[in-house]
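*Asks:* After the structure tokens below, expect a handful of questions from me.
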Amino acid sequence: MKPQLEKLIKVREELIRKTEKRDAAALKRTDAWYQSEKGKAFEAKTAQIANTAETLNEAIKELETCI
């Protein structure tokens with residue numbers, strides 16, 4: 001079970017890195033871009049990735065209690 005836990009932790013870390021990278025890229029954009037459809041879609045996708053990382057974090061915590 002420990003190898004699966006380690007894989008989940010790596011996936012969570014990768015999702016966090018992707019979220020941070022997307023946030024940094026978004027900060028370089030203009031306000032007009034944020035208001036555009038493309039900007040809104042980008043932000044929604046970034047939030048979705050962050051939520052997935054948080055859900056995975058909760059699953060990891062639960063799994064750790066079983067090991």
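The values are calculated or read from the model by the stated rules, or taken from the named source; none is laboratory data. The shown structure was predicted, so the numbers you read here are calculated from the model rather than taken from an experiment. Counting neighbours? That spans all protein chains shown, and the Cβs are built from the backbone with ideal geometry, glycine included. Note: accessible area is taken over every heavy atom of the protein model, side chains too, but ligands, DNA and RNA are not part of it. Shrake-Rupley method; radii C 1.70, N 1.55, O 1.52, S 1.80 Å.
*Asks:* Using helices alone, I'd like the mean residue ellipticity at 222 nm for the chain: each DSSP H run of four-plus residues gives -39500 (n - 2.57), total over residue count, nearest 500.
*Replies:* After summing the helix terms and dividing by the residues of the chain, the value is -31500 deg cm²/dmol.
*Asks:* I would also like to ask the following. Which number gives the lysine pairs in the chain that have C-alpha atoms under 19 Å apart and are eight or more places apart or on different chains?
*Replies:* Here the count comes out as 17.
*Asks:* Rounded to the nearest whole Å², what accessible area per residue is found for the range 5-67 with the 1.4 Å probe?
*Replies:* On the way: 4790 Å² over 63 residues.
Ligands and nucleic acids excluded, the result is 76 Å² per residue.
*Asks:* Turning to a different aspect of this structure: Normalising by the residue count of the chain, find the relative contact order in percent from Cα pairs under 8 Å and 6+ residues apart. Walk me through the numbers on the way to the answer.
*Replies:* Numbers: 28 pairs, mean separation 39.0, N = 67.
The normalised contact order for the chain reaches 58 percent.
*Asks:* Calculate, in whole percent, how much of the Cα-Cα pair population of the chain lies beyond 19 Å. Working shown, then result.
*Replies:* Values: 956 of 2211 pairs.
Looking at the chain, the distances longer than 19 Å represent 43 percent of pairs.
*Asks:* When the dipole is taken about the Cα centre of the range 11-57, and only Lys, Arg (+1) and Asp, Glu (-1) are charged at their Cβ, what size is it in debye, to the nearest 20?
*Replies:* 180 debye
*Asks:* Ok, one more. Along the charge dipole of the chain, which of P3, A59, T30 sits closest to the positive end, that is, farthest toward it, with unit charges on the beta carbon of Lys, Arg, Asp and Glu (+1, +1, -1, -1)?
*Replies:* Going by the Cα projections, it comes out as T30.
*Asks:* Springs between alpha-carbon pairs under 10 angstrom, Gaussian network model over the chain: which of L27, L56, L15 fluctuates most?
*Replies:* L27
*Asks:* May I ask for the angle, rounded to the nearest 10°, between helix 37-66 and the longest principal axis of the chain, with both axes built from Cα atoms and the value confined to 0 to 90°?
*Replies:* Result, in degrees: 10.
*Asks:* Let me ask something else about it. What do you get for the angle between helix 2-27 and the principal long axis of the chain? Use alpha-carbon atoms, 0 to 90 degrees, nearest ten.
*Replies:* Helix 2-27 sits roughly 10 degrees off the main axis of the chain.
*Asks:* Additional query: Return the single residue from K28, K40, K18 with maximal mean-square fluctuation; model: Gaussian network over the chain, springs between Cα atoms under 10 Å.
*Replies:* Largest GNM mean-square fluctuation: K28.
*Asks:* Let me ask something else about it. Carbon and sulfur: what percent of the chain's accessible surface (1.4 Å probe)?
*Replies:* Working: 2930 of 5220 Å².
C and S fraction of accessible area: 56 percent.
*Asks:* For I16, what accessible surface area do you get with a 1.4 Å probe? Give it in Å², rounded to 10.
*Replies:* Surface open to solvent at I16 totals about 70 Å².
*Asks:* Taking springs between alpha-carbon atoms closer than 10 angstrom, which of A32, A44, A53 fluctuates most in the Gaussian network model of the chain?
*Replies:* Evaluated over the chain, the most mobile residue of the options is A32.
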